[in-house]
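Before any comments, here is the structure.
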């Protein structure tokens, strides 16, 4: 297969073509097949320095990138906001320039400002991998979600996928919408109208505030975490009400027996979903986490390796 | 005493909506004589032959943010003045957010004594409507008027509390001070950094909805209706605001408004690239808004075009999009940009633009109309429609860098700008 990857940075799924997405996922598939113990030497990033610049709290994503880098024999350094000079008033641009000068070969950036990864990629020369920029994009999450879906459902073309919850403030939702649409899936968004703007239909998705209809015949449901710490009162009244209206219940509104359940974590058990459903056979939440490492290995390889002509 | 004789120019007369081919004789800073009378010319007279170029009454800017004294690195008054004069402005209304807020007579006196003595663009001062423009406590408007302000405003803020707003308007109208209001309901746009639209949704940016502006436009209309006070809405950006104001004017409510030239020219498209230079206050909106703003100019719903000049330096703008400040420069480009917009749609654009940028602003501020008649102050500039002008973003030095574009070529050229008969900006000597 021809190499169809010529990007050095990964800023968002919106900028990728379907063939680029598939190429990246095929690369991840190859890595997965090569097994945990013995990584094919063509993927090695030995001698590369990768900096995890995480300026917003994160456990899963940061650790997944660390594990991914180490699995490829790269050196990885993680910097958190509290230990960075940004707390001393240094600008993001200056911090990144310094990190570049210290010899970084790639920066993995998590930041609360939409567009921060794009901004940084214009300012410095090293590849930037967006690990979440405000409510804009979270491409590695969407790629691992789509990777997981592809594993279970095969080709996404014509598959019905429902994204449920806080769409408005979610970068995960945005990246997934771009990716799923590019691969031909039929995407439905559902949740409270204050968190799921009707206007999003203009992107080519369906918006439905009727949960039963929204999940009817869905091949997969992607739940998003309700960020109750900042939205209760203004965007919905209470977690109880949310749970009653939009929670997946064992005894109530629940997906069909065939429907896959995804969640990027962390889960509010009993709010977005009943524990028994989250832990059911249809739940691929844990697969998402382990696939997260594989997909991030593929991302690091494609963005950092001098020779990323993977033989697939 | 040196005098000036301008020969064979075309004088733009915004009061009577006409163009007059006539000569002007200028002495002691005023128009001394109008017509073809050459008797006044003597050895001390500088004679300029204009050969069909236009003599345009000096422009008056209704929204200009001036930072000196104190914050020199933003943009000094010298730099503001240079930009203003090169853009045909002879007067600007400084917003009260000087380095310290103009909410007390002492600050105003200090500014007048230290800064306004120099030979540069005329700076009219406005005062805060509420202390520190916080919207909580009325500013001493009477004392501020004694200290020389010509308008009151909390721009770029607007009092969020309706009671304070109503009382401030009533109180200001007692002193016959025009109230400038930049309508923004902040409760509907917390932390917003872009126009609320499909675009802001796509980019994950918090949006500033049209409704946040239109609610406050409606508030101003209501308050003006009930208090009979005149309110000037500055820098409207939403198409809906134009419609509300059009209706209010039909109902004889005493409302006027302006739009910045940048809002007549730009849409939200820069958001797609997270371009912080196109982050304006209020934000650029969609093409339908832009079209309605232009309609508002053409049917005179919108009274004036301002520059909205708000300088920031490169470090301010070189930040993450949501952290970079909102605001654009506009003094250099406002006139030529407006000409381009109005000409695009109509033939006699020049007169219209001069009405919007000189004649109407003087009436809104209640200062002397400048129509280049005998005994008027000689504030004007020479305009050549047959040349063109390249305006480029400067990214170095102690001046604002935040033009919304990197470089643009405009039709037309501002040649010389005169204040009280003195040439303070000279593009070139030969005509």
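Side notes on the structure shown:
- Condition check for residue A:189: in a helix (DSSP H, G or I), over 26 Å from residue A:33 (Cα atoms), modelled with pLDDT of 95 or more and within 14 Å of chain B (Cβ to nearest Cβ): no
- Within region B:184-238, being in a loop (DSSP other than H, G, I, E, B), in contact (Cβ under 8 Å) with a residue 40 or more places away in the chain and out of contact with any strand residue (DSSP E or B) (no Cβ under 6 Å at 6 or more places or on another chain) holds for B:184, B:191, B:193, B:197, B:206, B:228, B:229, B:230, B:237, B:238.
- Considering the conditions (1) more than 20 Å from residue A:60 (Cα to Cα); (2) in contact with a strand residue (DSSP E or B) (Cβ under 8 Å, 6 or more places away or on another chain), residue A:131 is excluded by exactly one of them, (1).
- Single match in B:324, B:248, B:334, B:280 (criterion: under 24 Å from residue B:210 (Cα atoms) and within 14 Å of another protein chain (Cβ to nearest Cβ)): B:324
- Residue in region B:156-163 that is surrounded by 23 or more Cβ atoms within 10 Å (Cβ to Cβ) and either under 24 Å from residue B:401 (Cβ atoms) or away from every other protein chain (no Cβ under 14 Å) (or both) present: yes
For every residue, the table says whether it meets (1) touching a residue at least 60 places away in the same chain (Cβ under 8 Å); (2) within 23 Å of residue A:303 (Cβ to Cβ).
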{"residue": "A:141", "(1), (2)": "yes, yes"}
{"residue": "A:144", "(1), (2)": "yes, yes"}
{"residue": "A:159", "(1), (2)": "yes, no"}
{"residue": "A:166", "(1), (2)": "yes, no"}
{"residue": "A:169", "(1), (2)": "yes, no"}
{"residue": "A:172", "(1), (2)": "yes, yes"}
{"residue": "A:177", "(1), (2)": "no, yes"}
{"residue": "A:182", "(1), (2)": "yes, yes"}
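- Whether a residue is outside any helix (DSSP H, G or I) and either away from chain A (no Cβ under 14 Å) or surrounded by fewer than 24 Cβ atoms within 10 Å (Cβ to Cβ) (or both) was assessed, and residue B:414 passes this test.
- Evaluation of residue A:101 against (1) within 14 Å of chain B (Cβ to nearest Cβ); (2) free of Cβ contacts under 8 Å to residues at least 12 places away in the same chain (one fails), failing number: (1)
- A single entry from B:85, B:93, B:98 fulfils the requirement of being in contact with a helix residue (DSSP H, G or I) (Cβ under 9 Å, 6 or more places away or on another chain), under 27 Å from residue B:328 (Cβ atoms) and at pLDDT 95 or above: B:93.
- Among the residues making up region B:348-377, those that are assigned to a loop (DSSP other than H, G, I, E, B) and either in contact (Cβ under 8 Å) with a residue 24 or more places away in the chain or closer than 12 Å to residue B:298 by Cβ (or both) are B:348, B:366, B:367, B:369, B:370, B:371, B:372, B:373, B:374, B:375, B:376.
- Hits in region B:33-45 - residues which are farther than 20 Å from residue B:368 by Cβ and surrounded by 13 or more Cβ atoms within 10 Å (Cβ to Cβ): B:38, B:40, B:41, B:45
- Top-ranked residue in region A:151-176 [being in contact with a helix residue (DSSP H, G or I) (Cβ under 6 Å, 6 or more places away or on another chain) and assigned to a helix (DSSP H, G or I); ranked as farthest from the other protein chains (Cβ to nearest Cβ)]: A:176
- Evaluation of residue B:270 against the conditions (1) under 14 Å from residue B:404 (Cα atoms); (2) away from chain A (no Cβ under 14 Å) shows that the sole unmet condition is (2).
- Leading residue by the ranking (farthest from residue A:46 (Cα to Cα)) among those in region A:117-132 that are without any contact (Cβ under 8 Å) to a residue 60 or more places away in the chain and buried (at least 24 other Cβ atoms within 10 Å of the Cβ): A:119
Residue by residue, here is whether (1) at pLDDT below 90; (2) under 12 Å from residue A:248 (Cβ atoms) holds:
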residue: A:275; (1), (2): no, yes
residue: A:281; (1), (2): no, no
residue: A:286; (1), (2): no, no
residue: A:290; (1), (2): no, no
residue: A:295; (1), (2): no, no
residue: A:298; (1), (2): no, no
residue: A:301; (1), (2): no, no
residue: A:309; (1), (2): yes, no
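- Residue match in region A:204-214 (condition: assigned to a loop (DSSP other than H, G, I, E, B), within 14 Å of another protein chain (Cβ to nearest Cβ) and within 21 Å of the chain's Cα centre (by Cα)): yes
- Region B:17-32 - residue that is touching a residue at least 12 places away in the same chain (Cβ under 8 Å) and surrounded by fewer than 18 Cβ atoms within 10 Å (Cβ to Cβ) and, of those, nearest to the chain's Cα centre (by Cα): B:17
- Any hit, region B:303-317, residues being in contact with a strand residue (DSSP E or B) (Cβ under 7 Å, 6 or more places away or on another chain), surrounded by fewer than 22 Cβ atoms within 10 Å (Cβ to Cβ), modelled with pLDDT under 95 and more than 14 Å from every other protein chain (Cβ to nearest Cβ): no
- Residues that are away from chain B (no Cβ under 11 Å) and in contact (Cβ under 8 Å) with a residue 24 or more places away in the chain, drawn from region A:192-202: A:192, A:194, A:195
- Tally, over region A:79-94, of residues that are within 14 Å of chain B (Cβ to nearest Cβ) and surrounded by fewer than 20 Cβ atoms within 10 Å (Cβ to Cβ): 7
- Qualifying positions in region A:246-275 - farther than 19 Å from residue A:218 by Cβ, in contact (Cβ under 8 Å) with a residue 24 or more places away in the chain and either touching a strand residue (DSSP E or B) at 6+ places or on another chain (Cβ under 8 Å) or surrounded by 13 or more Cβ atoms within 10 Å (Cβ to Cβ) (or both): A:265, A:268, A:270, A:271
- Region B:104-131, residues that are under 22 Å from the mean Cα position of the chain (by Cα), in a helix (DSSP H, G or I) and crowded, with 18+ Cβ neighbours inside 10 Å: B:108, B:111
- Test: residue in region B:173-180 that is under 30 Å from residue B:268 (Cα atoms) and either within 14 Å of chain A (Cβ to nearest Cβ) or buried (at least 24 other Cβ atoms within 10 Å of the Cβ) (or both): yes
- Checking each residue in region A:215-231 for being within 14 Å of chain B (Cβ to nearest Cβ) and closer than 25 Å to residue A:17 by Cβ picks out no residue at all.
The values are calculated or read from the model by the stated rules, or taken from the named source; none is laboratory data. Since the structure is predicted, the reported quantities are computational estimates derived from the model, not experimental observations. Glycine gets a Cβ as well: all are built from the backbone with ideal geometry, and neighbour counts include every protein chain shown.
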